[in-house]
Amino acid sequence: MLETVVLLFFCLVIGLVSLAVVVWVAFSGRLFYMDGLLLTFVSLTLGGIFLGNFAWSVRNGEFRQALNLLRKTSDKSDAPSGPPPA
């Protein structure tokens, strides 16, 4: 389940970076040139794919299930695993 959380975190970061690139292109004034249009199109496509993957896992409950499982395993590792030594 750790892999799932890492994958979803990666998807969220890449999606947000893609949206930040679109905002940067818009504020830099390059939006209406060919390079800016292509960069915006590619960034929106990648952001949609990665954020869509994240949204789908949140909607299905996969993200919450993975976080709950990680919390349970971390709680078990903190607790002693046997009777205390005499």
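General observations
- Counted residues, the range 31-47 - those being more than 15 Å from LEU19 (Cα to Cα) and surrounded by 11 or more Cβ atoms within 10 Å (Cβ to Cβ): 1
- Close pairs (6 angstrom Cβ cut-off, 6 or more residues apart or separate chains): more than 16 Å from THR45 (Cα to Cα) in the range 2-29, surrounded by 14 or more Cβ atoms within 10 Å (Cβ to Cβ) and of a type in the set (Ser, Thr, Tyr) anywhere: LEU8/SER57
Every number here is computed from the coordinates shown, using simple stated rules; none is lab data. Because the structure is predicted, anything quoted here is derived from the model rather than measured. No Cβ is skipped: glycine too gets one built from the backbone with ideal geometry, and neighbour counts run over all protein chains shown.
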